[in-house]
Amino acid sequence: MSLEQLPLLQQLMLVLAAVVMFTSFVLLEQARLVAAIHAFAWQGVLVAMVTALVAAGSGLEHLFFSAALTLALKALLIPWMLHRLVRRLELDRHREPLRRPALVIMAALALVIFSYWVVTPLVAEELLFTRNIVAVSLAVVLTGLLMMVIRTQAVAQVLGFMSMENGLFLAAVSDTDGMPLAVELGVAFDVLVAMILFGVFFFQIRESIDSLDVDRMNRLTERVDES
Amino acid sequence: MNAIDWEITLLQALLYAAAAPLLAGWIHKLKARLQNRRGASIWQPYRDLYKLFSKETRMAHTASIVFRAAPYIVFAATWLAAAAIPLLSTRLASAAMADVIAIAGLLALARFFLALAGMDVGTAFGGMGASREMFVSALAEPAMLVAVFTLTMTAHSTNLASVIDFNLQASSLLRPSYMFALAGLILVAVAETGRIPVDNPTTHLELTMIHEAMILEYSGRHLALMEWAAQLKLLLYGVLLCNVFFPWGIAVDTAPGALAGSLLAIVLKLLLLGVALAVSETVLAKMRLFRAPAFLNLALLLALLGLLSHVILEVGL
């Protein structure tokens, strides 16, 4: 099957999936936390759009619901909560550029190639066209993971974690026509609860090490009480 | 290929040279209007060129033959590169040499002599401008080639005329790779033609100028040729972007009616491109020189993503 034979709806889906991958890179390279939160919100919007397109293409009604849920949660509620947290933690002017941006980008590109290589046997099975999006979703997951590894700032790590979740959701939607509604609701509330817990933890971390740079945790030493 | 084809090919090359100052004038005028000035007429670049051609040419005592020859080489190489890009029709005699890698090579030749001329006289500004130009272009070139490879992988040819033909046939398709390649090429074009935010074409401020620093020592007809070559380069990138990514309207034969329609289409496309460029130059500020690598890394990233999304999303189907 080639691109010419795909209906316009599915071509649009491929384009959106590619843009989701791009937002992952934007998120990875963003120095300012507020801008990174915005990039994450846009990724949520795009994932919701892909879900809505899958729903329109397949006629599965519960997918419309999960598209709306994704839009409400990942594009509006969670970014808003993060925004509020960042303001309360007085980090909205915080800037933390990557130390070696070119190297990090090359690593992320290598991850994209790796995820394509992993998915190749799946694609060769001549299945749904959306299998190609699986490679993109895997790339989004791995890029989120990379972001959690290279960022030392707790809020940025949470953003990486949340974008991993976006990648997983994209894979589920495009590959298997979405999860059952019960599972989806469960995951959505999990993410929400995780977000609230992260919010609490940010304050805890800052109180104990006076910074949100989790790298400093490496320097914690056990104080031996000599008395 | 018959005689008429050659005539039209020659006409197209002359049209490139004749239209280049007009595009520059149009962008100048638009920028002036956006800044609430009345601005010079859009014919002003022609008057400037005429004035420079009729002026005496002065040269520094230290200038060598390189300095004297560079304007002609720069202009000829740029003009040749431009003439190879299909402007009106994809079926002209020049289509045979419209190879993107050859065009990139011709532009590199022009840039090489521009930088040499900048260093030749031995002034501080010339050398500084030349080193900056090389710095920017060394970063821009890989991004441009990767973006171009995305196109050529899709169309299975490095010949621009065949690429345009291919895109014309499949122009209703949405290709994620083209979107990225277009974005990457726009950034490269901005850097290569010395526009804001990489270089400011109107400044003579010593700390920021790149292109102007190299041609600071030129006067008279030499300066006119250098300016003209810069305008041609802008037109070249404009036509490249318009005709490759938005090929609608370009003629696929050499019938007079089709050529006229094609001319109208490309003029409209370039007018729109001029508006976009003028708006972006008005809202953006020039970057520090050391931010340029980040800008061009973004171009490279976009181009690479285009390549990867072509392989992942379009071929593996």
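Classify the stretch B:3-315 as rounded, prolate or oblate, taking a ≥ b ≥ c as the square roots of the eigenvalues of its Cα gyration tensor: rounded when a/c is under 1.5, otherwise prolate if a/b is larger than b/c and oblate if not.
Prolate.
Size of the dipole of the stretch B:3-315 about the Cα centre, Lys and Arg at +1 and Asp and Glu at -1 on the beta carbon, nothing else charged, in debye to 20?
Once rounded to the nearest 20, the dipole reads 920 debye.
Check the straight Cα-Cα distances from A:Lys74 and name the aspartates and glutamates below 14 Å, setting aside those fewer than 8 residues away within the same chain.
Partners found: A:Glu165, A:Glu184, A:Asp190.
So for the pair B:Arg38, A:Trp117, with labels modelled 7 Å out along Cα→Cβ, what separation do we get in nm?
Modelled inter-label distance: 6.6 nm.
Quick one: Cα centre-to-centre distance for the stretch A:90-119 and the stretch A:13-38, in angstrom?
Taking the Cα centre of each part, the stretch A:90-119 and the stretch A:13-38 sit 11 Å apart.
Please find the FRET efficiency linking A:His62 to B:Val267, where r is the Cβ-Cβ separation and R0 is fixed at 51 Å, and quote it to the nearest 0.05.
For R0 = 51 Å, the calculated efficiency reads 0.50.
How charged is the neighbourhood of B:Leu284? Take every other residue with its Cβ under 14 Å from the Cβ of B:Leu284, and add Lys/Arg as +1 and Asp/Glu as -1.
Residues near B:Leu284 contribute +3 overall.
Once the principal axes of the Cα atoms of the protein assembly as shown are found, what is the range along each, listed largest first in whole angstroms?
If we take the Cα atoms of the protein assembly as shown, the spans are 88, 66, 43 Å.
State, to one decimal in nm, how far the label point of B:Arg47 lies from the label point of A:Arg219, with both points 7 Å from Cα in the Cβ direction.
Between B:Arg47 and A:Arg219, the label points sit 6.5 nm apart.
Evaluate the distance, in nm, between pseudo-label points positioned 7 Å from the Cα of B:Leu174 and of A:Phe203 along their respective Cα→Cβ axes.
Calculated label separation equals 4.4 nm.
Please work out whether the stretch B:166-317 counts as rounded, prolate or oblate from its C-alpha gyration tensor, where a ≥ b ≥ c are the square roots of the eigenvalues and a/c under 1.5 means rounded, while otherwise a/b larger than b/c means prolate and anything else oblate?
Verdict is oblate for the stretch B:166-317.
Could you tell me how far the Cα centroid of the stretch B:219-234 sits from the Cα centroid of the stretch B:245-295, in Å?
One Cα centre to the other: 20 Å.
Please rank A:His83, B:His61, B:His310, fewest neighbouring Cβ atoms within 10 Å first, as an exposure proxy.
B:His61, A:His83, B:His310
Eight or more residues apart or on different chains, and alpha-carbon atoms under 29 Å: count the Lys pairs in the stretch B:3-315 matching that.
15
Rounded, prolate or oblate for the stretch B:41-125? Axes are the square roots of the Cα gyration tensor eigenvalues, ordered a ≥ b ≥ c, and the cut-off for rounded is a/c under 1.5.
Taking the square roots of the gyration eigenvalues as a ≥ b ≥ c, the stretch B:41-125 is oblate.
Note down the Stokes-Einstein diffusion coefficient of the stretch A:7-210 in µm²/s, whole number, using a Kirkwood radius over alpha carbon pairs, 37 °C, and 0.692 mPa s.
189 µm²/s
Return the FRET efficiency for the residue pair A:Asp210, A:His83: r is the Cβ-Cβ distance, R0 is 25 Å, and the value is rounded to the nearest 0.05.
0.65
Which of B:Leu15, B:Leu284, B:Leu52 ends up with the largest GNM mean-square fluctuation for chain B, with Cα atoms connected below 10 Å?
B:Leu284
Rounded to the nearest 0.05, what FRET efficiency do A:Ala102 and B:Ala3 have when you use their Cβ-Cβ distance and R0 = 35 Å?
That pair, A:Ala102 with B:Ala3, gives E of 0.10.
Among B:Leu240, B:Leu88, B:Leu109, which one shows the biggest mean-square fluctuation in a GNM of chain B, springs joining Cα atoms closer than 10 Å?
In the Gaussian network model the winner is B:Leu109.
Residues of A:110-121, mean number of Cβ from any other protein chain within 10 Å of their own Cβ, rounded to a whole number?
That average works out to 2.
Most mobile of A:Val20, A:Val50, A:Val86 per a Gaussian network model of chain A (Cα springs, under 10 Å)?
Fluctuation is largest for A:Val86.
No lab work stands behind these numbers, since they all come straight from the coordinates. Quick caveat, the model's predicted, so the values are computed rather than measured. Using ideal geometry, Cβ is built from the backbone for each residue, glycine included, and neighbour counts are taken over all protein chains shown.
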